[in-house]
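Every number in this text was worked out from the coordinates using simple rules, so none of it is lab data. As the structure is a computational prediction, the values presented were derived from the model and not from experiment. Every residue, glycine among them, receives a Cβ derived from its backbone with ideal geometry; neighbour counts consider all protein chains shown.
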């Protein structure tokens, strides 16, 4: 399918259906394959070189298989009929996006906060963040939501659209495999320091450009309501974007900090261990639930900007191939 038609269709499907839990989502299948692959490739008493090679093999296999199987499935469907091929392509592309799910999950946390049910807000927040949530107060929950919405705007919306525009649904699915590998094995703890190193570095590389495009889109989106907010978003992004431990997560988070005029970043508890981090937008106030609502609106605009850019990119690349 022409990408100028594919991307809007995929975005529309995501907005209508979101990410229903009953759906046999490809990312869940990728995650299961990664778990089984780790069981096969990891052996007791492996040295660090063996762990590194085993992790690299798992990473290469998962990413390549995701691309090849997606491409094969779409081509096989098109051989049956154009309609079946188009429907298959749109459905698989829809599973690569998470704009509706991100909005729904974040809004459910804010709904609980606004109903003054902090226990429910903590439980709902735990579904979408890795930090400990049991003792977070209203401001800390608001901060977590804003940071998650900003970061997920990159890896759940802009990056899949970007890779779909460049290489179609198969490349977007390969990106989702990279993302899933990083979330499952790309940790810097004792268990995965070597085994997950290649996955973590590949994820850093895959998200390098999308993260910065997302930050730029946040700057642009915030300017629709106020040029001053746009200037603040740009200033804080350029100043604080590299303060995060991740080379990519801090880019959209710092831009969102400036756009909302709130302080983000700082340390968090993970499995009971406090991990310190530098703040972003240190001069601003602490976040409130209303700032979370604003962040969701900004990310909805970012999704539309990303979609427009993806359509343009796909059209340009398509016209080059046709020459």
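Could you estimate the translational diffusion coefficient of the chain from the Stokes-Einstein equation, with Rh from the Kirkwood formula over C-alpha pairs, at 37 °C and 0.692 mPa s, in whole µm²/s? Here the translational diffusion coefficient equals 161 µm²/s.
Taking the chain as a Gaussian network of alpha-carbon nodes connected by springs under 10 Å, the highest mean-square fluctuation of the residues 308, 226, 183 belongs to 226.
Give me the Kirkwood hydrodynamic radius of the stretch 1-104, using the inverse of the mean 1/r over all pairs of distinct Cα atoms, in Å to one decimal. Intermediate results must be reported in sequence, preceding the final value.
On the way: mean 1/r = 0.0634 Å⁻¹.
So the Kirkwood estimate lands at 15.8 Å.
Computed over the Cα atoms of the stretch 49-119, the ratio of the radius of gyration to the Kirkwood radius (Rg/Rh) comes to 1.26.
The value of relative contact order for the stretch 3-321, using C-alpha pairs under 8 Å at least six residues apart, is 22 percent. Helical runs (DSSP H, four residues minimum) scored at -39500 (n - 2.57) apiece and divided by the length of the chain put the mean residue ellipticity at 222 nm at -24000 deg cm²/dmol. In whole angstrom, the stretch 206-272 maps to an equivalent ellipsoid with semi-axes of 21, 14, 9, each derived as √(5λ) from the alpha carbon gyration tensor and ordered largest first.
Comparing Cα centroids, the stretch 259-307 and the stretch 164-236 end up 16 angstrom apart.
Counting neighbouring beta carbons within 10 Å and listing from fewest to most, the residues 45, 271 come out as 45, 271. In summary, the stretch 230-319 shows an alpha-carbon radius of gyration equal to 1.29 times the 2.2 N^0.38 Å reference for compact globular proteins. Here, P(r) means the percent of Cα pairs in each 10 Å bin from 0 to the largest distance; for the stretch 75-169 it is 15, 35, 22, 16, 9, 2. Averaging Cα coordinates gives a centre for the stretch 1-71 and one for the stretch 93-123; these two points are 24 Å apart. Computed over all pairs of different Cα atoms, the Kirkwood value for the hydrodynamic radius of the stretch 148-239 is 14.4 Å.
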